[in-house]
Structures are given as structure tokens and as C-alpha cells.
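The values are calculated or read from the model by the stated rules, or taken from the named source; none is laboratory data. Only a predicted model underlies this, so the values are computations on that prediction, with no experimental measurement involved. FYI the Cβ positions are ideal-geometry reconstructions off the backbone, even for glycines, and counts take in every protein chain you see. Only protein heavy atoms, including side chains, enter the accessible area calculation; ligands, DNA and RNA are left aside. Shrake-Rupley method; radii C 1.70, N 1.55, O 1.52, S 1.80 Å.
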Amino acid sequence: MVTLLLSGALVSAAFEPIGLWFFAVLGYALFFRGLKNSRRPILFATLFGALVNAIVLHWSSKYVGALPWLLLTALQSLFYAPVGFVYKRSKSLLWVVVTILICEELRTRFPFGGFGWTRIAFSQVESPFLPLVSYGGVLLLSFVTLLAALVFTKFSIKYVAVLLASMLLVGFLSNKDSSEGSITLAAVQGNTPSVGLEFNGRAKAVFNLHLDTTRKLVKEEYDAIVWPENAIDIDPRSYPEVAAEISSLTKDLNTPLIAGVVLTENGSPANASVLYGRDGAVESTYIKRYLTPFGEYMPLRSLAEIISPYAASVTDFKAGANLKVHKIAGYTITPIICYEIINDGIVREAVNNSSAVIVQTNSATFANTSESAQQLAITRIRAVEHSREILSVSTVGISAFIDNNGGVKSQSAENVSTLLVGDLQMSHKMTIADRLGGVAPILILISSLFLALFGSRRRFEL
């Protein structure tokens, strides 16, 4: 039991808000030892998965209660049961690594479109192996982290020396500067009148805060002003006074506005990123395609409403169908809205069709928790994976400018109204991970499979 608790606690501490990457290596090394010594490896692995997810995702319980959090934890823990089963049958930790990677890929895809928030790689934003994501994507970083854990399980001087040498060599794989120009953006974090589920309980309240903050703090022209997700909390097409205020703002400041807007499409709300030109006219609109289950739509609604009293209040949003881009100062900028940042395919498509990325998010629903810091870590990893600079702007923080090696150039405090100004370097560079696309995870899984087969035939086990 002590091994289970300690291994789970260490792995969870690798994620934000603690964020010590090497705790994942030590935690998985301890998990591997515990698995080898357990008489019930299936139960051990399942409880380990439950513990890690319960701690890392505890923020999801703050405003909706414990039951949805516990159900999410239970669902995520099921993906660890096959790990114990495979060890029970094979007695090989190399096959355990293969199984963890397969299950990690599976849970990013289903059920309900998947939930990959606690992928191992997303705890490794400060790891010396981080540059590897630009070669094989996040699954490669997860794979290498598990291999490092296997080394510590054996703790042979030879293997540790190889590991340390690898860390030094990977440092030379950092993304190079491939700038083709830059744009200057003013990110407005306008805050919200309240936090939790009622952050937008009063119509126009969030809009007014962002409007007032912009007028107060923006004193010069920029290539664009950027507002976060849900900053315009009612459809300007249905409220002429809101449309007029947007037009007045962009004309007065002579600057385009990229804003997160709640539109109404055929009677259903749609989570959108809208570019308003200097004259206030709509120039382009992107509608979020990867919706948040149980937040923007309610799967299994009849059952969910029995389980949680909050389920009935969730209105099903309309998903977008296609990628749309914004044109700023002659450059193509792609918006990614909040939860979409964990979807490999959507992020890759966005990057391959733009020079830089803007992530518009609303953390008010989980304010004063570790959710915002965890999302920032994921965004930083995406910047390295695709060698793109990213602006992430939130209603309540954390907002940040991120370089193409995942470094935070500047960031805001949380729960304040503020302005963050910075440059985004433009680039059309494609990383090896970009070129491989969806083939990269397959190659990683095949590699892990060959390693397991090699170890089994040679009777070799780290």
C-alpha cells in the first residue's frame, strides 16, 4: 500500500501546480517495482491510475462537487487495468510499457472523443527530453519518460550513464529560430464578475469587463487585440448595441480584434473565435470543433441528470465543421479554443495552416485551481512539438506568450484585469512530428513493441 500511495503521489506531483518532471520518472520506477511485487497486479495498476487521476484532476470537483470528479477518475483508471493484466501474463515490464502507451493513445480518443489531459508527456514540460516532441509527438515523450523510469528500476551505473548522456544530447535538438517576421499583439485578460459555473450569469457582464479593460489599458495601435474565449458572452448579431460597441472600439483604436464569442447557430450556442476588422466588420469566424463533454454537450444526458443536478443546466453547443484562420498583418493565424489544445489532430492541422497560434481559453469555470497551470504546461509542450510561438489568453489567467521551445516570454497573474503585450514570431517550419502526422504514434508503438520482443527473446529486462 505504501508503494502504491507513494508512486501515485510522485507521478501526480510531476504535473502542475508542483511540476517537478523527474517525479514522474521516480514515480513510475516505484510503480514498476510495486507491480512486480504485487500479488494482484490488475488491482494495483487500476488503483495507481485512480490515485494519479484523482489528484491531478481534483480541480474538476471544485464547482460541481465530488461525484463527477470521482466518476471521471474511475473512467480514467480503467485504462490502467490492462497494464496489470499484461504484467500478470508476461511478467515483463517492457510489455507493461507497450501497454501503457497503447492505453494512453486509446484514452485520448474515446469515450466521448477522449480525454488526454493526464498523458505522461504533459507532466514533462521542464524535462530535458522535451525537445523530442518535435520529432515524435507527445507519445514519444511519454515513451522516453517510461524508459527512464525503467532505468531507475534497475539502477545500473551503465544504464544511468546512458540516460544522462541522452539528456545532454537531446539538448542539441531544440527548435531553431526560423522567424519569417513578427506581429505585435495586445492580449486582454478582462477577468469575470464571478468564478465557477456562474461566471457569465449576467448578460454582457464579461463583455463589459473586457471592453472596459481594453479602453483603459490599450493606448496605442497593435497588429491585433486578442480577447479570450467567452469574452463576448452574447451574440452581437442579436444585440446591436454590443456590435456597435465592438465597432466603436476597433475604430477608435484603429486595431483589429480577435475575440472569443458565444454565437447562436440555428438555435444552439456555438463557441467561436471571431476576427473583427478595424471597421468593426466580421472578417473571419472559427467555431470550436472539439467540444468538451459534460461541459459543452451532455453525453448520456438522461443518466447524467440523475447523477448530477448540474447536468440539466448544460446546453448542448453546436460543433464547427472546418478549420478557419484569421489574417493579421498579412500573416495567417490559427485560433485554438480551450479544450482543443489536448487534441493532437486539431492542433496539428491548425499549425500546418498558419504561421502562429492563438489559444483562447476561459478558466473562470475552474478558477483558483491548478487547471490553468496544467493547461499552460500543455500549451508550452505544443509550442515545442510544432515549433510555433503561441499566445494563450484567458479570461482570468494564466495568459502567456510562449516561444517555440516552450519558454514563457511573459505571463499574467490570475484573477486580475490586465494587459499583456508581446510579439509572436511567424514561421512556416514543419517539424518531423508535423511531417509524420498521425503516423508518429504508430511508429512509437511499433518501436516499443520491437523493444519488448527483443527483450523477451534475449531474456533481457531493464
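Quick one: count up the residues across segment 189-207 that are open to solvent by 10 Å² or more (accessible area, probe 1.4 Å) and modelled with pLDDT of 95 or more. Lay out the reasoning, then the answer.
Taking segment 189-207 and keeping what is open to solvent by 10 Å² or more (accessible area, probe 1.4 Å), we get 191-195, 197-205.
Among the residues that remain, those that are also modelled with pLDDT of 95 or more are: none.
Number of matching residues: 0.
So which of Phe15, Phe32, Phe79 is hydrophobic (A, V, I, L, M, F, W, C) and over 25 Å from Gly295 (Cα atoms)?
Exactly one residue qualifies, and that residue is Phe32.
Which of the residues belonging to segment 279-321 are in contact (Cβ under 8 Å) with a residue 12 or more places away in the chain and of a type in the set (S, T, N, Q)?
Correct list: Ser284, Thr285, Thr292, Ser308, Ser313, Thr315.
So how many residues does segment 280-317 have that are of a type outside the set (Phe, Trp, Tyr), in a loop (DSSP other than H, G, I, E, B) and open to solvent by less than 30 Å² (accessible area, probe 1.4 Å)?
Residues of segment 280-317 that are of a type outside the set (Phe, Trp, Tyr), as a first pass: 280-285, 287-289, 291-293, 295-296, 298-309, 311-316.
Then drop every residue that is not in a loop (DSSP other than H, G, I, E, B), which leaves 280-281, 288-289, 291-292, 295-296, 298-300, 308-309, 314-316.
With open to solvent by less than 30 Å² (accessible area, probe 1.4 Å) added as a condition, the list becomes 280, 288, 291, 296, 298-299, 308, 314.
Count: 8.
Quickly run through segment 14-24 and pick out the residues that are assigned to a helix (DSSP H, G or I) and open to solvent by 10 Å² or more (accessible area, probe 1.4 Å).
Matches in segment 14-24: Phe22, Phe23.
Return yes when Arg215 is assigned to a loop (DSSP other than H, G, I, E, B) and not acidic (Asp, Glu) and no when it is not.
no
Among (1) within 18 Å of Ala231 (Cβ to Cβ); (2) of a type in the set (S, T, N, Q); (3) open to solvent by 10 Å² or more (accessible area, probe 1.4 Å), where does Gln375 come up short?
It fails just one condition, (3).
If Gly320 satisfies all but one of (1) modelled with pLDDT of 95 or more; (2) not in a strand (DSSP E or B), what's the number of the condition it fails?
It fails just one condition, (1).
Which number in (1) open to solvent by 20 Å² or more (accessible area, probe 1.4 Å); (2) modelled with pLDDT of 95 or more marks the one condition that Thr365 misses?
(2)
Can you tell me which of (1) of a type in the set (Gly, Ala, Ser); (2) at pLDDT 95 or above; (3) closer than 25 Å to Ile18 by Cα is the one Gly136 doesn't meet?
(3)
For every residue, the table says whether it meets (1) modelled with pLDDT of 95 or more; (2) in contact with a His (Cβ under 6 Å, 6 or more places away or on another chain).
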residue	(1), (2)
Leu211	yes, no
Glu229	yes, no
Thr255	yes, no
Leu275	yes, yes
Glu283	yes, no
Tyr290	no, no
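Residue under question is Ala244, and the condition is that it be assigned to a strand (DSSP E or B) and modelled with pLDDT of 95 or more; does it hold?
No; evaluated as a whole, the condition is false for this residue.
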